[in-house]
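Written out below as structure tokens is the structure these notes cover.
Rule-based calculations on the coordinates, nothing more; no lab input. In this text the structure is predicted, and so the values were computed from the model without any measurement. A quick note on method: Cβ atoms are made from the backbone with ideal geometry, for glycine too, and the neighbour counts reach across all protein chains shown.
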């Protein structure tokens, strides 16, 4: 853990808007229970870009850290004292850890979380990849691919503006990026690794276009699950819960200074998703 939190720290939470759907409280609370951190709490707060500065200003020494989701991952950057190279590389922070001096340190655990989820399925290197979408998660996907993809990444996007953004991220991250119009996204399904970073429903129309034999699909959504594309996929499927668990493991370790119980956290997440599906 790069920055020790105060001994008085027993609070953490996830912030974002909307936030009611977040599985983060389930995962973090499962970790606290497994680690015997009975005094620790993990909340969920609806906070938007206009409210983040005020929320941070109201925190005290009981706070160990925060998990951030949209639309706060970039909005928080000017409010922090320090940002890791990983977070700076994509200009997105999803983890804030507070020290005894009240300083806020930003990190991005989505990127190593993506890599860890791929490694867990035995994917250490691929010759090429496709990315569906071009939002904030897509930039994290490119950063992860810079560590596992040896060749070109094709990003399927809906506008020239998004295409320019993805080319810019590719240059910044050292990834060879080619862009193609979203109308051709079905072609990308033949890549050995496909990472879908789009909102719910956006790839449903591609479900009937999956190849007879596919490589690996990494769909970052977890609710609803499976997506239509994931359900139709003939090869290996990695879901959003895999990403969420691996990035949460890193958050727990940074905030508590303890090794995180990955299996217990995953089991809790799976149980919660099953209950939502009923």
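Structural remarks
- Based on the Stokes-Einstein relation at 4 °C and a viscosity of 1.567 mPa s, and on the Kirkwood radius from alpha carbon pairs, the stretch 5-72 is assigned a translational diffusion coefficient of 104 µm²/s.
- Sorted peptide list for 139-145, 152-158, 270-276, criterion being average Cβ within 10 angstrom, highest first: 139-145, 152-158, 270-276
- Cβ crowding within 10 Å averaged over residues, with 7-16, 208-217, 227-236, 62-71 ranked highest first: 62-71, 7-16, 227-236, 208-217
- Label point 7 Å beyond Cα of residue 223 along Cβ direction - residues of the stretch 10-29 with amide nitrogen under 20 Å: 12-29
- Once both labels are positioned 7 Å from their Cα atoms along Cα-to-Cβ, the gap between residue 167 and residue 231 label points is 3.8 nm.
- Over every Cα atom in the stretch 109-229, the radius of gyration and the widest Cα-Cα span, Dmax, amount to 13.1, 35 Å.
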